[in-house]
Structures are given as structure tokens and as C-alpha cells.
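In what follows, a single structure is set out as C-alpha cells and then discussed.
The values are calculated or read from the model by the stated rules, or taken from the named source; none is laboratory data. Since the model is a prediction, treat every value here as computed from it, not as a measurement. Cβ: placed from backbone, ideal geometry, glycine included. Neighbour counts: every protein chain shown. Heavy atoms of the whole protein, side chains included, go into the accessibility calculation; ligands, DNA and RNA do not. Shrake-Rupley method; radii C 1.70, N 1.55, O 1.52, S 1.80 Å.
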Amino acid sequence: MTRIAFIGAGSVEFTKNLLGDILDFPELRDVELALHDIDADRLDTAEAMARWVARERGAGPAITSHLDRRAAVEGSDFVLNMVQIGGHEATLRDFEIPARYGLRQTIADTLGIGGIFRTLRTAEHMLALGHELDELCPPDAWMLNYTNPMAMLCWLVYAGTPTQNVVGLCHSVQFTTHDLCELIGVDPAEVTVLSAGVNHQAFLLRFERDGEDLYPLLDARIDADPDLQRRVRMALYRRFGYFQTESSEHAAEYVPWFMRHDGEIERYRIPVDEYVRRSERNLVRYEEVRAALHAGEAMPLERSNEYASLIVHAMVTGEAQVIYGNVRNDGLIPGLPEDACVEVPCVVDRTGLRPTPVPDYPPELAALNRTFLNPVELTVRAVLEERPELVRLAAMLDPNAAATLTLDEIEALCDELTRAHGELIPAGLRGAPAEVEVG
């Protein structure tokens with residue numbers, strides 16, 4: 001029997017969607033589901049949700065709940081990771097402390113100060129999980145990671161543990177394709193795309209219908225609508241020539257041109273502190289879902305556009321699927337650093353997951369991605385090499401922080417956040433950075 005572990009199952013809304021997708025496949029309706037969360041109340045709610053979804057789908061999975069992560073991971077063929085280490089309180093620290101220094105953020109879960117420190121407080125979990133897959137699971141088991149920062153955390157697993165079967169999953173490509181099709185009045189089912197880059201900064205290299213390039217239709221639509229022109233992604237598209245696969249609020253904080261300037265915040269309607277509001281809504285939504293489950297109320301259960309169920313189904317049945325995955329750059333995109341985590345098309349079937357090379361990736365996109373990957377690489381190295389000075393340097397090379405703060409301010413901010421997060425930060429990174437010798 002196929003065993004699927006959900007790590008961080010207390011994210012019940014997301015768990016509901018993934019479970020609904022998996023149990024929607026007839027071939028997967030008798031899988032074994034092992035749910036894990038460190039919060040007993042959330043774990044109970046996740047189990048109630050799993051049993052509700054199973055009834056709604058007419059499925060008969062074996063469902064177990066585990067406060068101990070190793071017990072959930074043991075024997076699993078697929079380990080779905082969706083944790084948020086530190087929860088809402090840690091998120092507030094990642095926003096409130098930088099704001100006191102004058103640094104503005106929008107989402108802060110991928111790059112920048114927020115992304116760096118989210119990685120640091122998630123690092124020990126990711127490394128432990130990678131070792132547990134190697135120790136406790138079959139040799140062909142896969143980690144399907146949904147936790148951000150995607151490029152940093154997947155890189156940590158395949159560079160810092162024996163586990164190489166790790167793929168990061170996102171919905172940016174799916175949502176972007178759907179949104180663009182809606183803008184130009186085209187059925188998404190008729191559209192072919194090719195996307196590549198790094199997670200949250202990938203680009204649609206092809207956007208076609210029956211061989212017809214659809215970018216001219218998008219250009220005309222943007223020209224005719226001044227409201228569309230006030231979006232960060234549109235500004236980047238007009239200059240780089242390809243459409244980015246992540247939202248404007250994300251994109252604004254990956255580059256140096258927006259967050260520093262009051263006028264650009266207003267012009268492009270950039271929602272500063274947006275993720276704090278989302279996090280607060282998630283807390284409210286959890287209580288609503290929990291109450292609905294206890295009351296036996298109906299909830300919507302529709303198939304989502306997430307990739308996890310497609311991967312599981314393809315590997316179990318052999319029915320091939322193409323997904324976009326975040327994997328090690330083993331020559332896949334030549335213009336980007338070797339071993340970096342890149343997002344490319346992947347073919348999935350019973351034999352596993354095979355990434356597709358994108359040899360003709362435009363050099364201007366690779367140049368932009370390299371500015372993204374500089375803090376990513378240094379953060380990963382900081383963890384693996386236990387070098388706290390690399391945390392500071394990663395922040396100094398972040399485009400948004402570098403455009404906003406001085407070197408002394410960045411150093412002080414990193415030190416304050418390290419103290420504020422306390423034991424969530426790996427022990428080897430809590431000390432003072434080593435002095436750099438000059439001579």
C-alpha cells in the first residue's frame with residue numbers, strides 16, 4: 001500500500017486540498033495517510049479533515065496521526081512537507097524588526113531579510129527530514145516540498161543530506177497561465193507554455209496557442225488598460241520581454257527598483273506587509289474550518305491545481321505527467337550556477353521524476369536570476385558551513401535590503417533578528433561572525 005506522510009498537516013485548508021486531489025484518483029483511494037503536526041489540537045483537526053475528505057470522496061484510506069515526525073515518515077513512499085517553523089509569531093518578527101530599520105517587505109517568504117531568516121528557522125527541520133527519508137523510507141521515496149523559501153530549502157536538502165529525491169512544488173506557473181489566458185480571452189486548455197528560471201522568479205519563455213505566439217495579444221491588452229500598467233509584473237515584462245510567474249507583490253521585493261521609493265509604492269500599488277495580513281487571515285480561517293468540522297457543516301471540495309497528487313498518481317500508476325519542479329541545476333539551465341535550485345519542466349512516471357534541460361534560456365533572465373541566487377547560495381552555505389558571517393553577506397547582497405539600508409544597518413538588523421528568533425536559529429549561527437582579516 002502506498003504511504004503518504006503529511007508533515008505540517010495542521011495547515012488544514014491546504015491539507016484538505018491536497019487530500020481531496022489525491023483521493024479523487026480511483027487508484028489512490030486506499031492509500032495510507034500518515035499525518036504529523038507538533039500542535040496536538042491542529043493534528044486532531046487535520047485528522048478530522050482527512051476523515052471528512054475521505055467520506056466526501058468515497059475513499060477508504062488508512063489514516064493515522066503522529067505527534068512524532070519520525071513515526072509519520074517511517075515507511076512512507078511520499079513525504080509532503082508544508083511546515084511553517086515558528087508560526088505567526090516568527091512571521092511578525094521577520095516584518096516588525098526590519099520595519100524599524102526602514103526596510104519594507106511584502107511577502108518575505110522567499111528572498112530578502114524575511115526569506116533568509118525563514119530559511120534559518122526552518123533549516124534544522126529540513127536537514128532532519130532529509131536524513132529521516134534516507135534512514136526510514138524506501139530508496140525510491142520522494143520528498144515533495146511546499147515550504148518556502150523553495151530555492152533555499154530544497155538546496156539545503158540535496159546538498160546537506162543523503163536524500164536526492166526532493167522536488168519543490170509551487171502553483172505560480174499554473175496560476176499565471178490561467179490569469180494571462182483570462183486577460184486575453186483564451187481557453188487555458190488550448191494554451192502551451194514553457195517556463196523556466198528559479199522559483200518565484202521564473203518566466204514564460206513560450207506562451208502559445210496552436211503555435212501562435214500569444215504575447216502580442218497580451219501587449220495589446222496592456223496597452224489598452226492603464227490599470228494593468230500599474231502592476232510590477234507588467235513593468236518587468238515590458239523591460240525583460242518575458243512574463244514572470246509570480247505575483248507583483250512577490251516580484252517587487254526581489255529587485256532593487258520598487259520598495260525603496262515611496263512614489264513607486266504608490267504608482268504600482270505595492271501592498272507593504274501583505275503577508276502579515278494573510279497570516280492573520282489564516283489564523284481566522286483555521287478556527288472557521290475547525291468549527292465547521294465539529295459542527296458537521298459542508299465545505300467546498302474541488303480539485304486544485306497543485307502538483308502533488310499528479311506526481312503520486314504518475315509514480316504509482318505509470319501514467320506520465322508533466323509538472324514544473326524545483327530541482328538541482330545539473331546543467332539544466334547553463335547560465336545559472338551549478339547545483340543551484342532551479343524551476344524547470346519535469347516528466348514524472350513510474351520511473352521517477354526527470355527534469356528537462358532549458359539550454360537556450362535568455363541571458364538577460366539568467367542575469368536577473370543570478371542576483372536572486374546570490375543571497376540564496378550564501379544562506380545555504382551559512383547553514384551547511386556554520387558561518388554566521390555569510391548570513392550578513394547574504395543580506396548585503398539582497399537587492400531590496402541593499403537598495404534600502406547601509407552596511408552597518410544590515411549587520412545590526414541581522415544580529416537583532418538572530419537574537420529575536422533565539423533557538424529557532426541553528427546553534428552554529430547564533431554566535432558573533434568571525435572577523436575578516438585584511439592584509
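For region 356-373, which positions are crowded, with 18+ Cβ neighbours inside 10 Å and of a type outside the set (A, V, I, L, M)? Hits for region 356-373 are Tyr361, Asn369, Phe372.
Filtered by the rule that a residue be in contact (Cβ under 8 Å) with a residue 60 or more places away in the chain, open to solvent by 30 Å² or more (accessible area, probe 1.4 Å) and touching a strand residue (DSSP E or B) at 6+ places or on another chain (Cβ under 6 Å), region 209-257 gives a lone residue, Tyr242. Of all residues in region 338-355, those being free of Cβ contacts under 8 Å to residues at least 60 places away in the same chain and open to solvent by 10 Å² or more (accessible area, probe 1.4 Å) number 7.
One residue is enough: does region 379-386 have a residue meeting the conditions within 27 Å of Ala252 (Cβ to Cβ) and within 18 Å of the chain's Cα centre (by Cα)? Among the residues of region 379-386, at least one is within 27 Å of Ala252 (Cβ to Cβ) and within 18 Å of the chain's Cα centre (by Cα), which makes the answer yes. Residue-level analysis places Leu390 among those that are touching a Lys or Arg at 6+ places or on another chain (Cβ under 6 Å) and open to solvent by less than 20 Å² (accessible area, probe 1.4 Å).
Taking region 258-291 as the range and being in contact (Cβ under 8 Å) with a residue 40 or more places away in the chain and at positive phi as the test, only Asp273 passes.
Test Ile265 against the stated conditions and say whether it is farther than 25 Å from His178 by Cα, in contact with a Lys or Arg (Cβ under 9 Å, 6 or more places away or on another chain) and surrounded by 15 or more Cβ atoms within 10 Å (Cβ to Cβ). Against the criterion (farther than 25 Å from His178 by Cα, in contact with a Lys or Arg (Cβ under 9 Å, 6 or more places away or on another chain) and surrounded by 15 or more Cβ atoms within 10 Å (Cβ to Cβ)), Ile265 qualifies. Selection of strands (runs of 3 or more DSSP E) fully inside region 1-82 by the criterion of at least 1 residues being open to solvent by less than 10 Å² (accessible area, probe 1.4 Å) returns 3-7, 32-36, 78-81. Does Phe117 satisfy the condition of being touching a Leu at 6+ places or on another chain (Cβ under 8 Å), assigned to a helix (DSSP H, G or I), among the hydrophobic types (A, V, I, L, M, F, W, C) and within 17 Å of Leu405 (Cβ to Cβ)? Yes. Looking at Val322, Val376, just one residue is surrounded by fewer than 22 Cβ atoms within 10 Å (Cβ to Cβ) and at pLDDT 95 or above, and that residue is Val322. Entry remark, region 213-240: residues being of a type in the set (Asp, Glu) and under 22 Å from Ile270 (Cβ atoms) number 2 in total.
For region 95-126, the set of residues classified as of a type in the set (Val, Ile, Thr) and buried (at least 22 other Cβ atoms within 10 Å of the Cβ) consists of Thr106, Ile107, Thr110, Ile113, Ile116, Thr119, Thr122, listed by residue number.
Pairing residues of region 299-321 that are of a type in the set (Asp, Glu) with residues that are open to solvent by less than 20 Å² (accessible area, probe 1.4 Å), at Cβ distances under 8 Å and at least 6 apart in sequence or on separate chains, gives Glu302/Gly20; Glu306/Leu18; Glu306/Asp21; Glu306/Leu169; Glu319/His313. Within region 161-180, residues that are touching a residue at least 60 places away in the same chain (Cβ under 8 Å) and closer than 20 Å to Pro355 by Cβ sit with their Cβ atoms under 6 Å from residues that are small (Gly, Ala, Ser) and surrounded by 22 or more Cβ atoms within 10 Å (Cβ to Cβ), at 6+ positions apart or across chains, in these pairs: Val167/Gly325; Val173/Ser195. Determine whether region 289-306 contains at least one residue that is among the hydrophobic types (A, V, I, L, M, F, W, C), assigned to a helix (DSSP H, G or I), modelled with pLDDT of 95 or more and in contact with a His (Cβ under 7 Å, 6 or more places away or on another chain). So far as region 289-306 goes, no, none of its residues is among the hydrophobic types (A, V, I, L, M, F, W, C), assigned to a helix (DSSP H, G or I), modelled with pLDDT of 95 or more and in contact with a His (Cβ under 7 Å, 6 or more places away or on another chain).
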